[in-house]
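Let me begin by presenting the structure, written as structure tokens, before commenting on it.
The values are calculated or read from the model by the stated rules, or taken from the named source; none is laboratory data. Everything numeric here is computed off the predicted structure, so don't read it as measured data. We place every Cβ from the backbone using ideal geometry, glycine too, and count neighbours over all the protein chains shown. In case anyone asks, the SASA skips ligands and DNA or RNA and just uses the protein heavy atoms, side chains included. Shrake-Rupley method; radii C 1.70, N 1.55, O 1.52, S 1.80 Å.
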Amino acid sequence: MKKYLKKLGLFITVAAFLLSMASCEKDNNDTPAPNPDEAYKAVLKEYVDEVVVPTYRLMAEAALEMRTANEALKNNPTTEKIAAAAEAWMNARIYWEESEAFLFGPVGEDAFDIDGHIDSWPLEIDNIEATLENDAEGLTGKVAWRDLDAEVIGFHTTEYLLFRDGNPRLLEDMTTAELTYLTAATDALVWDCVLAYVAWAGEENVSSPVKAVFNENPDVVARLNESSDFKNFADKLKNATGKYQGVFVAAMSEISDGAADIADEVGATKIESPYTNHAVLEVESWYSWHSLDDYQNNIKSIKNAYYGGRGLNTPKTNSLSAFVKTKNQQLDAQIIAKIDDCIAKIAAIGTGGKSFYEVVRDRINAEYVDAAVDACADLGTLFKQISSSIIE
């Protein structure tokens with residue numbers, strides 16, 4: 001009897017083990033495959049919350065500092081105040097250039113075209129001079145924002161009014177009309193910067209001082225109200241709503257496509273075209289001789305977008321880089337290396353202490369120009385691989 005019970009116990013144990021294995025196998029087979037949308041959402045959240053919105057916030061705040069500096073200059077012109085205004089322009093310019101890897105959504109030409117309004121190049125110098133001669137005395141920021149062409153306002157017009165040959169203007173060379181124009185154009189610039197920030201972040205999510213500036217100009221408020229598709233755009237991108245219609249692949253592709261676009265633009269349009277054509281007037285930011293800084297900051301905008309944060313040395317856990325690495329480790333390593341390679345090669349264009357304006361004017365440093373152009377093209381190609389083979 002004991003022997004029979006012992007065998008029965010062994011049978012029950014084995015049967016229980018086999019049933020357990022079968023249950024585990026069934027559970028494993030029933031486990032749903034990972035949802036790629038969840039991975040995309042994590043990357044998009046990091047990108048929006050840690051890169052895009054902070055960059056536009058810093059840009060809006062820097063533009064307000066620029067406004068303060070230029071108003072102080074107008075009210076009491078001194079050499080020191082010109083230097084302070086020039087420095088404020090430089091600081092605001094950095095954040096704009098660091099936003100150029102994400103020139104879609106509210107800033108794009110299919111929305112509010114803030115890019116076109118804030119950064120048109122080249123300038124219409126004849127029209128600027130005509131405004132100075134005829135209309136500057138009564139010019140206000142609201143009139144400038146609403147009525148003036150993009151080629152006579154924005155970053156480059158304020159640059160033209162503040163700089164000559166890479167240096168702040170001489171006090172004795174600045175006229176009352178220029179100071180009036182400068183403050184009006186700066187107000188227009190401020191509202192564009194604030195509009196970009198508010199459209200992305202949502203008016204309820206910005207500080208009270210920024211909200212107050214946004215509401216200074218009813219035309220700016222009306223511009224945002226024209227389309228609900230571009231209000232609170234941060235939430236729309238993170239959740240693939242609005243224009244994305246629930247397609248997370250489309251939202252995710254904005255990151256890599258934006259990076260590819262600016263890499264190509266820096267290499268082909270901003271560097272190669274003026275150099276090849278020997279066209280100094282095509283050199284962006286040449287009044288301040290800030291061009292090579294602009295181009296490096298454009299690539300830094302790519303780095304921030306790819307790393308999932310501003311000014312990082314290592315990509316964050318939910319960055320696009322980390323996502324690409326899970327799919328193609330070699331591609332991720334190539335992109336990281338090429339980003340730094342681009343920045344270094346653009347800086348090298350200025351070998352000998354030259355501005356890009358001087359490089360183009362004097363047709364020098366060709367080997368460094370060619371190397372930078374090639375590096376930018378390579379970087380654009382690498383980012384296009386993400387959209388074509390990684391995000392699907």
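Obtain the nm distance between the two label points defined at residue 215 and residue 137 by a simple spin-label model: each point lies 7 Å from its Cα along the Cα-to-C-beta direction.
That separation, rounded to one decimal, is 3.6 nm.
Give the calculated FRET efficiency between residue 389 and residue 245 to the nearest 0.05, with a Förster radius of 25 Å applied to their Cβ-Cβ distance.
Rounded to the nearest 0.05, the efficiency is 0.60.
Return the long-range amide H neighbours of residue 164 (sequence gap of 5 or more, or a different chain), with a cut-off of under 5 Å between placed amide H atoms.
169
If I model a spin label as a point 7 Å beyond the Cα along the Cα-Cβ vector, how far apart are those points for residue 281 and residue 175 in nm?
It is 2.1 nm.
Would you mind putting 256-269, 128-141, 329-342 in packing order, based on average other-beta-carbon counts within 10 Å, highest first?
Averaged packing, sorted descending, gives the order 256-269, 329-342, 128-141.
Using a 1.4 Å probe and ignoring any ligands, DNA or RNA, find the accessible area of residue 310 and quote it in Å² to the nearest 10.
Looks like 70 Å² after rounding.
Which percent of the accessible heavy-atom area of the stretch 47-164 goes to carbon and sulfur, probe 1.4 angstrom?
43
When the helix-only estimate is applied to the chain (DSSP H runs of n ≥ 4, each -39,500 (n - 2.57), divided by the residue count), what is the mean residue ellipticity at 222 nm, nearest 500 deg cm²/dmol?
The helix contribution divided over the chain gives -21000 deg cm²/dmol.
Cα-Cα over 29 Å: which of 316/384; 142/270; 41/142; 231/327?
Going by Cα-Cα distance, 142/270; 41/142; 231/327 fall outside the 29 Å limit.
With a 1.4 Å probe and every protein chain left in place, work out the accessible area per residue of the stretch 351-392 in Å², rounded to a whole number.
Ligands and nucleic acids excluded, the result is 47 Å² per residue.
Could you order 67, 223 so the one with the most accessible surface comes first? Probe is 1.4 Å.
223, 67
How large, in percent, is the carbon and sulfur part of the accessible surface of the stretch 268-392 at a probe radius of 1.4 Å?
47
Would you mind counting up the charge near residue 145? Only other residues with Cβ under 9 Å from its Cβ, with Lys and Arg at +1 and Asp and Glu at -1.
After counting each charged neighbour, the total is -2.
Quantify, in whole percent, the carbon and sulfur part of the accessible surface of the stretch 169-215 (1.4 Å probe; protein heavy atoms only).
On the stretch 169-215, the fraction of accessible area on carbon and sulfur atoms equals 52 percent.
Take the alpha carbon atoms of the stretch 263-337, find their center, do the same for the stretch 193-225, and report the distance between the two centers in whole angstrom.
The two parts, judged by their Cα centres, are 28 Å apart.
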